[in-house]
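Worksheet: one structure, shown below.
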Amino acid sequence: LADTTLELQIIPFGINQKLLISRDISQLEKVEHMRRDFIANVSHELRTPLTVVGGFLETLSDMDGAVPDSTRSYFDMMQEQTGRMRRLVEDLLTLSQLENSPTIPQDTEIDINALLSMVMNEARGLSNDRHTITLEADTTLNLTGALEELHSALGNLVSNAIRYTPTGGSIHISWKTRGTDGVFSVKDTGLGIEQQHIDRLTERFYRVDRSRSRETGGTGLGLSIVKHILTRHQARLDIESEFGKGSTFSAVFPKARLVHKTSTPSNQSA
Ligand code: ADP
């Protein structure tokens, strides 16, 4: 029985009676393990050839006369698609690494000011002045966890807000307490999402509008990565949205992940 995993379920029935159902899920776990290993191996193997092809395409693109004007559009398409494949492979690798190691690599106090300024700089770069981006942060509130992972998760929510908000829209980023929780939220005035999609957004490759996601450089894995990272930090992702009006994505961290500092709060806008 050492290699056997049993799933137990207790179902009440009749008056004061209970039914105990035990199910052997060892095979399911084995298959799941194989699936994860397979994805990790394939992504890893694809990484090098894609890097080589992408590198040579870039070199050719920079060489005078290497790409004739008549074939430039084909060439650009090749570069664009190679870039897409590379992003996909990187996201698949990230996801399989997250799935294969259940705990975070380091658990330290994170300087929230440094993290927010990295996220804000990236947001400004990505938006390129097409949106109004504002930040409201309680800088007395620090977070604990793995910096690289949290940077990736929060950055992902902000980059989605920018990608799914047309030019002229606004994005409001905030970090504050709500009850005993710490909430990082990103509110946009973008496309919004119909209710029936909301529960499925964190599934791998689930996209409301495939062509829009592709156009803006999406892989369909971003929110799945965000959810894994937050779960590893005992945090959750809340999504509120109104179709045609905008969305708010919030990462909600429990009290155990928060450190209250003694300086004063500040507001900032960009
Ligand atoms: P993608 O790479 O396609 O953006 P994600 O996993 O990050 O993949 O997001 C899944 C889907 O959720 C997106 O394809 C998009 O349809 C929807 N979505 C995510 N963020 C937003 C947002 N801020 N506004 C509207 N739709 C969003």
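A few notes on this one:
Residue by residue, here is whether (1) small (G, A, S); (2) modelled with pLDDT of 95 or more holds:
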{"residue": "S43", "(1), (2)": "yes, no"}
{"residue": "R47", "(1), (2)": "no, no"}
{"residue": "L60", "(1), (2)": "no, no"}
{"residue": "A66", "(1), (2)": "yes, no"}
{"residue": "R72", "(1), (2)": "no, no"}
{"residue": "P102", "(1), (2)": "no, no"}
{"residue": "D107", "(1), (2)": "no, yes"}
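- Residue within segment 119-133 that is small (G, A, S) and within 17 Å of the chain's Cα centre (by Cα) present: yes
- Filter pass, S26 being over 31 Å from the mean Cα position of the chain (by Cα), among the small types (G, A, S) and surrounded by fewer than 15 Cβ atoms within 10 Å (Cβ to Cβ): no
- Selected residue (only one of R204, R200 is modelled with pLDDT of 95 or more, part of a loop (DSSP other than H, G, I, E, B) and either out of contact with any Asp or Glu (no Cβ under 8 Å at 6 or more places or on another chain) or within 7 Å of the ligand (Cβ to nearest atom) (or both)): R200
- The residues of segment 56-82 that are surrounded by fewer than 15 Cβ atoms within 10 Å (Cβ to Cβ) and closer than 19 Å to G217 by Cα, listed by number, are E58, S73, Y74, D76, M77, E80, Q81.
- Residue within segment 109-125 that is within 12 Å of the ligand (Cβ to nearest atom) and either more than 15 Å from T248 (Cβ to Cβ) or surrounded by 14 or more Cβ atoms within 10 Å (Cβ to Cβ) (or both) present: no
- Any hit, segment 202-214, residues being small (G, A, S) and either under 21 Å from L150 (Cα atoms) or exposed (fewer than 14 other Cβ atoms within 10 Å of the Cβ) (or both): yes
- For segment 126-146, filtered to residues that are polar (S, T, N, Q) and over 26 Å from G217 (Cβ atoms), the residue that is surrounded by the fewest Cβ atoms within 10 Å (Cβ to Cβ) is T140.
- Tallying residues that are of a type in the set (A, V, I, L, M, F, W, C) and not in a helix (DSSP H, G or I) within segment 33-80 yields 3.
- Residues located in segment 223-242, provided they are more than 16 Å from I193 (Cα to Cα) and within 8 Å of the ligand (Cβ to nearest atom): S224, I225, V226
- A search for C-beta distances below 8 Å between a residue of segment 197-226 that is within 15 Å of I39 (Cβ to Cβ) and in contact (Cβ under 8 Å) with a residue 24 or more places away in the chain and any residue that is near the ligand (Cβ under 7 Å from one of its atoms) and of a type in the set (A, V, I, L, M, F, W, C), counting only pairs 6+ apart in sequence or on different chains, returns R204/L221.
- Top-ranked residue in segment 160-197 [being more than 9 Å from the ligand (Cβ to nearest atom) and of a type in the set (D, E); ranked as nearest to N128 (Cα to Cα)]: E194
The values are calculated or read from the model by the stated rules, or taken from the named source; none is laboratory data. No experiment lies behind these values; they were computed from the predicted model shown. All Cβ positions, even for glycine, are placed from backbone atoms using ideal geometry, and neighbour counts span all protein chains on display.
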